[in-house]
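Below is one structure, written out as structure tokens, with a few remarks after it.
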Amino acid sequence: MPKLNRPTAIIIAAFLVLLFTTSPAWPPQPAHPQAAAAGAALATPGQATVPTGLQRATATPPLITLAVPTPAPPTPTPLVLPTTGAPSTALGNTLDGYLKQLVQAGLFQGAVLVAHSGQVVLDQGYGLADAAHKLPNTPQTRFQIASMTKQFTALAALQLVARDQLALDASVCTYLDDCPAAWKPVIIRQLLNHTSGLPNYTDLASFNTTQTRPATPTELIATIRDLPLIFTPGSTYMYENTDYVLLGMIIERVSGMSYGDFLQLHIFAPLGMDNTGAADTAPPAPNQALGYSTPGELAPILHPTTLFSAGGIHSTVEDMYRWDQALYTNQLLPQELRDQLWTPGMGAYGYGWRISTRSGHRMISHAGLMDGFAGMIARFPDDRLTVIVLGNMSAADPEGIAGYLADLVFQST
């Protein structure tokens, strides 16, 4: 065997040390156009410069990820969805008949998907997406999903936990610049389960006068950053939006990407959710429903950026079904962390999900309500039943509709 000269031996030894002492973060970081600029803030076109104070993504994330080669994003596995049309089963016809009665009574318009035991039972649009132009809702119509956004924010945060870039029991001030002293006792886990004690910025009277205009997360939080905590962190459950806006800002701070780009790279693209996006990056979407208070009556404008990571995502029933199916697998998150999403804490709330029962069946769900839109996803994992209701009418009752549809399925089995 030829003898290596000293410089060559040193180079090879260094390479072997690097090879065996580094490992890629979980989940693997796919190649992405933003990778070369990781750690730099991504500006949203048309937004004003972020004011001094709490910052969005900064030039230097708090934790350093080793720069190792990463694979390309996986090719999404397409789901087989039925061609839009009349339901092909007796159960599907029963569900469809109930929803048509609601539409005729002016109690619902939107789209609904019901899947049971791996089969899509119903996948239909109802009423109008645009009353002035007589455009119907379809399973491919995009709706604002409001607070259903929180389930995506929670999973994104746990993806960073899985990569050791975020600690659930760390103070929020670990990841935020110019953090108010009153927030130091608040930990990440308390943002996820709504026990932080922070005031809810959407409850302030000033929100009603600003909800029509685009806003940055820093501007949203500025309205409550000088207010005292409502209760001792961890002592009480109070559902609100401030917690999840802060989580979105922390996702940006830690990942070095915008919230919308992070979700696109790590959730939407891998699942083939091509009709889903976040308000901070998504352009005006084609085939998007207008929001109504009642049929034909347009609702007040609520700009989705004013809800950010607490309620700014738009999606379709079919994309939400892709999301639902992925939650049965380890594709997005290891099982140990996925189980934490729906482990009930105070208020029967997990991380971005409510945990309850209906008709004796365990239900993991979340509603989304905002001006013009009302939706619900109800998952019954022990029965492999999912009901997704997305409506473009804020007077609708998506929780009641989803629950009744689930009862009809249970009665048929």
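What to note about this one:
- Residue within region 357-368 that is assigned to a loop (DSSP other than H, G, I, E, B), in contact with a His (Cβ under 9 Å, 6 or more places away or on another chain) and surrounded by fewer than 24 Cβ atoms within 10 Å (Cβ to Cβ) present: no
- Those residues of region 105-121 which are assigned to a strand (DSSP E or B), in contact (Cβ under 8 Å) with a residue 40 or more places away in the chain and under 18 Å from Arg379 (Cβ atoms), in sequence order: Ala111, Val112, Leu113, Val114, Ala115, His116, Val120, Val121
- Top-ranked residue of region 246-279 - restricted to ones that are more than 13 Å from the chain's Cα centre (by Cα) and assigned to a loop (DSSP other than H, G, I, E, B), ranked as surrounded by the most Cβ atoms within 10 Å (Cβ to Cβ): Met257
- Entry remark, region 339-352: residues being in contact (Cβ under 8 Å) with a residue 60 or more places away in the chain and either part of a strand (DSSP E or B) or surrounded by 17 or more Cβ atoms within 10 Å (Cβ to Cβ) (or both) number 7 in total.
- When every residue of region 150-173 is checked against the conditions, at least one turns out to be of a type in the set (Ser, Thr, Tyr), surrounded by fewer than 18 Cβ atoms within 10 Å (Cβ to Cβ) and part of a strand (DSSP E or B).
- Some residue of region 120-136 being polar (S, T, N, Q) and in contact with a Gly (Cβ under 6 Å, 6 or more places away or on another chain): no
Okay, residues lined up against (1) at pLDDT 95 or above; (2) among the polar types (S, T, N, Q); (3) not in a loop (DSSP other than H, G, I, E, B):
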{"position": "Ala182", "(1), (2), (3)": "yes, no, yes"}
{"position": "Leu191", "(1), (2), (3)": "yes, no, yes"}
{"position": "Thr195", "(1), (2), (3)": "yes, yes, no"}
{"position": "Asn208", "(1), (2), (3)": "no, yes, yes"}
{"position": "Ala215", "(1), (2), (3)": "no, no, no"}
{"position": "Thr232", "(1), (2), (3)": "yes, yes, no"}
{"position": "Ser235", "(1), (2), (3)": "yes, yes, no"}
{"position": "Tyr239", "(1), (2), (3)": "yes, no, no"}
{"position": "Tyr244", "(1), (2), (3)": "yes, no, yes"}
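- Boolean, Leu107 is modelled with pLDDT of 60 or more and either under 30 Å from Asp164 (Cα atoms) or touching a helix residue (DSSP H, G or I) at 6+ places or on another chain (Cβ under 8 Å) (or both): no
- Long-range neighbours under 6 Å by Cβ, at least six apart or interchain, first residue free of Cβ contacts under 8 Å to residues at least 60 places away in the same chain within region 389-413, second surrounded by fewer than 19 Cβ atoms within 10 Å (Cβ to Cβ): Gly403/Arg358; Asp407/Ser359; Phe410/Ser359
- Within region 382-413, the set of residues being more than 19 Å from the chain's Cα centre (by Cα), buried (at least 24 other Cβ atoms within 10 Å of the Cβ) and assigned to a strand (DSSP E or B) comprises Met393 only.
- Residue-level check: of (1) surrounded by fewer than 20 Cβ atoms within 10 Å (Cβ to Cβ); (2) more than 15 Å from the chain's Cα centre (by Cα); (3) assigned to a loop (DSSP other than H, G, I, E, B), Leu302 misses just (1).
- The set of residues in region 369-381 being closer than 15 Å to Val409 by Cα and not in a strand (DSSP E or B) consists of Pro381 alone.
- When Asp280 is tested against (1) more than 24 Å from Val114 (Cβ to Cβ); (2) among the acidic types (Asp, Glu); (3) modelled with pLDDT of 95 or more, just one condition goes unmet, and that condition is (3).
The values are calculated or read from the model by the stated rules, or taken from the named source; none is laboratory data. Computed from a predicted model, the values in this text were never measured in an experiment. Cβ coordinates were reconstructed from backbone atoms using ideal geometry, including for glycine residues, and neighbour counts include every protein chain displayed.
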